[in-house]
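In what follows, a structure is listed as structure tokens, so that the remarks can point back to it.
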Amino acid sequence: MLGLLLSAMGLLSTASDSLPNAPVVPMVVEDTLLPSHHPIKAVFNLDSRSSFIQRQPVNIWGVNAGIAFGAKRNQLTLGYYWMSYAAYIKLINWRKEAAHRINLDYYTRTDLWFMSLLYWWNLKNSTHWMISLPLEVGGGLAYAMPHDLMKDQPIDRTTRHFFAPVQMGLYVQWKATRWVGFGVQGGYRYSVFQTDLDQHFNGTYYSIGMTIYPALLKDSWRWIKHKERISPFHPPLPAQK
């Protein structure tokens with residue numbers, strides 16, 4: 001399941017499904033120094049994953065929002081995911097070549113979307129490291145689109161199928177400074193149920209990304225507003241007189 005997570009007052013994430021190019025790894029809402037109290041906070045994540053469908057590399061894009069809670073800032077979010085246009089083209093080209101070899105006059109293009117409930121169980125969340133087990137269960141639709149190989153234009157779009165993916169992975173984040181961190185994630189997606197659909201959506205996913213923490217925006221504002229001395233390694237210091 002390379003991306004960039006941006007976060008405002010919450011956390012922005014980004015992750016990877018077995019679909020390539022643009023993994024975005026989840027991001028922590030708090031500063032890298034964890035607070036002594038543990039309020040519930042809203043989080044919002046941009047999530048891009050690299051994966052494989054029918055042995056073809058594809059990208060899956062997504063967004064999710066929810067809450068972070070507890071001493072280790074576990075997250076519970078609801079997300080929406082869809083396959084990127086570049087992934088469609090890869091599947092189209094692959095099917096087109098296969099269709100020519102077996103002399104078919106059409107092939108299908110697959111596009112899909114699904115909703116997913118995500119729980120990020122943080123095994124460790126310290127000043128410099130976070131290790132999580134992301135668990136997901138979802139449901140969505142996939143469409144099969146007939147094409148004329150000569151014209152390469154869609155003829156019809158009437159068939160849609162339901163599928164229910166379950167995903168589990170491992171995520172590791174290194175909080176390099178107060179401003180940025182780096183993370184890597186990998187896991188497996190399994191469709192526990194799907195209707196009469198010839199495509200199979202089981203497969204590995206991964207993501208590699210950089211995380212930008214809210215401290216960067218806060219420190220920048222204090223530098224602009226109060227001319228305080230800022231650093232990625234320590235909190236802002238009063239301006240020199």
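Taking the conditions (1) under 24 Å from T127 (Cα atoms); (2) surrounded by fewer than 18 Cβ atoms within 10 Å (Cβ to Cβ) in turn, K241 satisfies each one other than (1).
Counting only strands (runs of 3 or more DSSP E) that fall entirely inside region 168-241 and contain at least 2 residues that are touching a Gly at 6+ places or on another chain (Cβ under 9 Å), the qualifying elements are 180-194, 203-212.
For region 87-105, state whether one or more residues are at pLDDT 70 or above and more than 17 Å from F52 (Cα to Cα). Within region 87-105, none of the residues are at pLDDT 70 or above and more than 17 Å from F52 (Cα to Cα). Scanning region 45-75 for residues that are part of a strand (DSSP E or B), of a type in the set (A, V, I, L, M, F, W, C) and at pLDDT 85 or above yields I60, W61, V63, A65, I67, A68, F69.
Against the criterion of being within 30 Å of L112 (Cβ to Cβ), out of contact with any Leu (no Cβ under 7 Å at 6 or more places or on another chain) and among the hydroxyl-bearing types (S, T, Y), Y213 does not qualify. Within region 206-241, the set of residues being in contact with a Ser or Thr (Cβ under 8 Å, 6 or more places away or on another chain), among the aromatic types (F, W, Y) and modelled with pLDDT of 90 or more comprises Y206, F233. The residues on offer are M145, M130, and the sole one that is modelled with pLDDT under 55 and over 16 Å from the mean Cα position of the chain (by Cα) is M145. For the structure I just gave you, tell me whether L112 is assigned to a strand (DSSP E or B) and either at pLDDT 95 or above or out of contact with any Phe, Trp or Tyr (no Cβ under 8 Å at 6 or more places or on another chain) (or both). Against the criterion (assigned to a strand (DSSP E or B) and either at pLDDT 95 or above or out of contact with any Phe, Trp or Tyr (no Cβ under 8 Å at 6 or more places or on another chain) (or both)), L112 does not qualify.
The values are calculated or read from the model by the stated rules, or taken from the named source; none is laboratory data. Since we're looking at a predicted model, the values are computed, not measured. A quick note on method: Cβ atoms are made from the backbone with ideal geometry, for glycine too, and the neighbour counts reach across all protein chains shown.
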